[in-house]
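Here the structure is laid out as C-alpha cells; the discussion comes afterwards.
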Amino acid sequence: MNTPERAAPGAWLAVIAGTLGAFMATLDISIVNAALPTIQGEIGASATEGTWISTAYLVAEIIIIPLSAWLVRLLGLRTFLLLVAGLFTAFSILCGLSTSLEMMILGRSGQGLSGGAMIPTAMTIIATRLPRHQQMMGNALFGMTAILGPVLGPLVGGALTEATSWRHAFFINLPIGLALGALLLAGLRHERANPNLIREADWLGIIGMTLGLGCLTVVLEEGQREQWFDSPLILRLALASGLGFLLLLAGQKLAARPVIRLNLLLDRQFGSVVMMGILLGMVLYGTSYLIPQFLAAIADYNALQAGQIVLLGGVPSLVLMPLTPLLMRRLDVRLAVGFGLLTMAVSCWLETTMTIDSVGSDFALSQLLRGVGQVLAILFLNQAAMSSVPPEQAGDASGLFNAARNIGGSVALAGIATLQDQRFWLHSRHIEEMVSANAESTAAALDQWGQGDPVLGLFSLAGQIHKQALVMTYNDLFWLLGSGVAAVALLALFLRPLRSAAD
C-alpha cells in the first residue's frame with residue numbers, strides 16, 4: 001500500500017505564516033471599532049469623519065484581495081508576502097503615531113492594501129503547498145482566522161484602550177509582523193519575479209476591478225449617511241463603479257490572461273460557494289456590528305463588556321478546532337454547510353425576542369449557536385472553494401471567495417444603516433399612535449415617571465418610546481439576517497462531496 005505524501009516541515013511553516021498574516025488582517029478590520037470614539041477625540045475628527053477610519057481599511061482591502069493572485073505571479077509568493085507583511089507593520093506604526101485624521105486614513109488605507117493581500121494568499125499556500133489529504137487541516141487553521149479575527153477585534157481594541165492607549169491596538173502588530181517575516185523566510189523558498197507580466201497584464205481588468213470594487217464599497221459604506229443618490233458624490237461613485245465593472249468584463253474577453261477568472265463563477269459548485277460566502281459575510285459582520293450597538297444603546301454596556309459578549313461566538317471554534325480534520329473527513333459537505341448556515345439562521349432568529357430589559361447574557365445561547373454554525377460553514381466552504389478548481393487556479397478562487405465574503409459584510413452594514421432608520425421611524429410612529437393622551441393609564445405612567453413633574457414625565461415617555469422602537473428595529477434586522485442565510489442554505493445541495501473531489 002502506498003504511503004500518502006506528507007508535507008515537509010517548511011510547508012507547514014508557510015501555512016502557519018499565511019494563517020498568522022490572515023489573522024492580523026482580519027483582526028484589524030474591527031480592532032478600532034471599540035476605540036473609535038476615543039481615537040476621534042484625540043485626532044480631532046467628527047463622528048462622520050471618524051467612520052472613514054474603518055471605511056478606508058475596508059475599501060483598500062476589497063480592492064487588493066482579487067488582485068493578489070496576479071501580484072503573486074508577478075513578484076513570487078515569498079517576495080510578495082514579505083513585502084506586504086513589512087508594509088502592514090509599517091502602516092500599523094503610522095496609525096499608532098497618528099495625530100490627524102488624514103494621517104490615520106493614510107495609515108488605515110495602507111493597512112487595508114497590505115493586510116488584504118495576506119488573506120487570499122493564505123488559502124493559496126494551503127492549496128499549493130500541502131497534499132490534498134492534508135489540506136483539510138490547513139483550511140481548519142485558516143478558518144479560525146476568519147472566525148476569530150472579527151470577534152476578537154472589538155475585545156482586543158477595547159481592552160487595550162481601557163488598560164493603556166488605543167495606540168497599542170496598532171503597535172501590537174510590530175512583534176507579530178517580525179514573527180511573520182521570520183516564518184516566511186524559513187517556510188517559503190524564493191521564486192523569481194516575472195516582470196513580463198507587467199507588459200502582458202490585463203490592465204483593463206486591473207483598472208476596472210480597482211474602480212468597480214473600490215467605488216462600490218464607498219457607496220455601500222457611505223450611501224446612507226449621504227442620502228444615497230440625492231448626493232452628487234454617491235451618484236458619481238456609483239457611475240464610476242458601473243464603468244469599472246464594464247472594463248473588468250471587457251478584460252475578460254480581450255486579455256490573453258484576465259487578472260481574475262470570473263468564468264470560475266459559472267461552475268455550479270464554486271458559484272454556489274461564492275453566493276453562500278456573501279451571505280456568510282453578511283451575518284458574520286452584521287451581527288458583530290448589531291450586538292455591540294444593541295448592548296450600548298439598550299443595556300448601557302461599554303465597549304469592553306460588549307466585546308466580551310461578541311467573543312462568545314468564537315468559543316465553539318476553540319472547542320471544535322482539534323476535531324475539524326475528523327469532521328471534514330466524516331461529514332458530507334452538503335450536510336455540514338447546510339446545517340451550519342441553518343444554525344446561524346436560528347441564532348439570528350433567537351435574537352428577535354429581545355426586550356428593553358435584555359442584557360448580554362440574553363445573547364449567550366445565540367452567540368454559541370452562531371459560533372457552531374460559523375465553524376461548519378466557513379471551514380467546509382473554504383475547502384469546497386479550493387476543491388472546485390485545479391491548484392493553478394487556487395489564487396483566483398481564493399480572491400473571489402474572500403472578496404465575496406467582505407462584500408457581503410459591506411452590503412450588510414449598508415443595509416443595516418438604511419433599514420435601521422426606516423424601521424425605527426415606522427415603529428416610533430406606531431407606538432405613538434397606540435399611546436392615548438387621555439387614557440388613565442397614560443396619565444398614571446406620566447405621573448409615576450415624572451414624580452409629579454409633567455415635563456419630566458413627557459421626557460421619560462419619549463425615552464421609553466425611543467427604546468421600545470429601537471429594540472423592535474434590532475429584532476427586525478436580526479430576523480432579516482436569519483432569513484437571508486436560511487434561504488441561501490439551499491445552495492448547499494449543489495456542492496460535491498469533498499472526498500470525491502480529493503481523490
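Readers should treat all values here as calculations from the given coordinates under stated rules, not as data from a laboratory. Fair warning: this is a prediction, and the values are worked out from it, not measured in the lab. With ideal geometry, Cβ positions are generated from the backbone for all residues, glycine too; neighbour counts draw on all protein chains shown.
Counting other beta carbons within 10 Å of each Cβ, put Met328, Met209 in order, fewest first.
Met328, Met209
Measure off 7 Å from each Cα along the Cα-to-Cβ vector at Asn196 and Ala90, then give the distance between these two points in nanometres to one decimal.
Simple spin-label model gives 3.0 nm for this pair.
If you add up the charges near Pro232, with Lys and Arg at +1 and Asp and Glu at -1, over every other residue whose beta carbon is less than 14 angstrom from its beta carbon, what do you get?
Values: positive: Arg236; negative: Glu222, Glu226, Asp230.
With Lys, Arg at +1 and Asp, Glu at -1, the neighbours total -2.
With angles folded into 0 to 90 degrees, how steeply does helix 135-163 sit against the dominant principal axis of the chain? Use alpha carbons for both and round to 10.
40 degrees
Toward the positive end of the charge dipole of region 8-198, about the Cα centre and with charges on Cβ (Lys, Arg +1; Asp, Glu -1), which of Leu178, Ile64, Ala17 goes farthest?
Ala17
Only Lys, Arg, Asp and Glu count, each charged at its Cβ (+1, +1, -1, -1), so figure out the dipole size of region 8-198 about its Cα centre, rounded to 20 debye. Display every interim value, and only then the final one.
Working: 8 positive and 7 negative charges, 161 e Å.
In total the dipole reaches around 780 debye.
Which of the following values of Cα extents along the principal axes in Å was calculated from the structure shown: [x] 84, 51, 46; [y] 73, 54, 49; [z] 197, 93, 39?
Of the labelled values, this structure produces [x].
Could you sort 119-126, 231-238 so that the peptide with the highest average Cβ count within 10 Å comes first and the rest follow in order?
Ranked from most to least packed, the peptides come out as 119-126, 231-238.
Would you mind working out the magnitude of the charge dipole of the chain relative to its Cα centre, with +1 at each Lys and Arg C-beta and -1 at each Asp and Glu C-beta, to the nearest 20 Debye?
2320 debye
Using a cut-off of 11 Å between beta-carbons, work out the net charge of the residues near Ala17 (Lys and Arg +1, Asp and Glu -1, Ala17 not included).
+2
Where does region 321-387 land on the Kirkwood hydrodynamic radius, alpha-carbon pairs, in angstrom? Walk me through the intermediate numbers first.
Values: mean 1/r = 0.0777 Å⁻¹.
Kirkwood radius, region 321-387: 12.9 Å.
Count the net charge of all other residues whose Cβ sits under 14 Å from the Cβ of Leu77, scoring Lys and Arg as +1 and Asp and Glu as -1.
+3
Work from the charge dipole of region 93-246 (Cβ charges, +1 for Lys and Arg, -1 for Asp and Glu, about the Cα centre) and give the residue of His168, Asn196, Ser109 farthest towards its positive end.
The residue sitting most towards the positive pole is Asn196.
If packing is taken as the mean number of other Cβ atoms within 10 Å per residue, what is the order of 383-389, 190-196, highest first?
383-389, 190-196
Taking the Cα-to-Cβ direction at Asn302 and at Ile207 and moving 7 Å from each Cα, how far apart do the two end points lie in nm?
My value for the distance between the label points is 5.2 nm.
Applying the Karplus parametrisation 6.51 cos²θ - 1.76 cosθ + 1.60 with θ = phi - 60° to the phi angles of region 407-415, what ³J(HN,Hα) value in whole Hz is obtained for each residue in order, glycine and proline being reported as x?
5, x, x, 5, 4, 4, 5, 5, x
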